[in-house]
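Structure first, commentary second.
The values are calculated or read from the model by the stated rules, or taken from the named source; none is laboratory data. What you see is a predicted model, and the numbers here were worked out from it, not measured in a lab. Here Cβ is always computed from backbone atoms with ideal geometry, including for glycine, and neighbour counts include all displayed protein chains. Areas reflect the complete protein model, heavy atoms only, side chains present, ligands, DNA and RNA absent. Shrake-Rupley method; radii C 1.70, N 1.55, O 1.52, S 1.80 Å.
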Amino acid sequence: MPNKQYLPVEIAIMSGTGLDQLDKLNNVEQITMNTPFGSQSAPIIACDYFGTRVAFLARHGRYHELPPHNVPYRANLWALKQLGVKYVLSPCAVGSLQEHIKPGHIVLCDQFIDFTKSRHNTFYDKDQVYHVSLADPFCHHLRQLAISTAKTLDFEFHETGTYICIEGPRFSTRAESRFFQESMKADVIGMTMATECALARELELCYLAIATSTDYDCWRGTPVSAKMVEDSMKTSIKNVQRLLEKLVPKIPKNQTRTCACSHALKNACQTLNKDSAQR
Ligand SMILES: [Zn+2]
């Protein structure tokens, strides 16, 4: 629980690669929450953002010191939930696995495939077992709002896309990249989003992924480098910021949500006795 009372905040933005510098922040509160899962990646920055109270959390730490497998995903999302957040907007840098998704394009993902191996990807691993549905992992309402907003702006974006989440921090081998592209038919590849999204669903948070393509991974010939990703995001991040500036004010405030995310735990708790068959 928070140590003190903060201004109400319903929207969080997980700021990732390239979204560390934000302008026009007013009425700023810096918040650190105690959680059963330890500390957050960085202090949460709550502020007025284009007329709306928003909580920013730097996923990789204030100085980008946390690699993807060491991000405290559970502490981050738990803290946001305790603050009253309902909507999590998640910009992320990705590699493109398809020719038509060019560097600089934004993908409003509608599916993911999780190839991570060693992460805490549930809150329910002790006394109770919950099997939440992630058939549709992203909030339908947020996606539709983001799509309609993006259509009013003049950058290239894709309404759907499947995200492959790998463990990292290394980039893929060529064989892996071709496998993800040709056999799995995925569209983009990254290292954070699937873990974050699944945990958000367990907390009944609405989650939207805003993936920005920075490169063509290595399937197309050129090996990826961290500098390539960073340089690409410097030019692409403006479009993500423009989308967020238009999208955030449109998200309903102080309203009861009706989307599936808002009652994800309903009927998800498994209470089998020891004689019952398990799946
Ligand atoms: Zn939702």
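In table form, for the structure just shown:
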item	result
Contact order normalised by residue count of the chain, Cα under 8 Å, 6+ apart, percent	25
Sequence of ARG143, ARG174, ARG59 from largest to smallest accessible area, 1.4 Å probe	ARG174, ARG143, ARG59
Exposure of THR256 as accessible area (Å², to 10), given a probe of 1.4 Å and all protein chains	130
Residues in segment 205-222 reached by a label modelled at ALA135 [backbone nitrogen below 20 Å; 7 Å Cα→Cβ]	205-208
Positive dipole terminus of segment 158-279, leading residue within ASN239, ALA198, ALA226 (C-beta point charges)	ASN239
Cα-projected label distance for GLN270 with ARG220, points at 7 Å along beta-carbon direction, nm	4.1
Per residue accessible area of segment 112-151, 1.4 Å probe, in Å²	61
Mean projected area in nm² (Cα convex hull; one quarter of hull surface) for segment 11-269	13.2
Heavy-atom accessible surface of segment 11-269: percent carbon and sulfur, 1.4 Å	49
Rounded to the nearest 10 Å², the accessible area of TRP219 at probe 1.4 Å	40
Computed lengthening from ASN70 to PHE50, 0.36 nm per intervening residue step minus Cα-Cα distance	4.0 nm
Antiparallel bridge percentage (DSSP; both residues within the chain; nearest 5)	35
Student exercise, the chain dipole from Lys, Arg, Asp, Glu Cβ charges, in Debye to nearest 20	380
Convex hull volume of segment 147-231 per residue (C-alpha atoms, cubic angstrom)	123
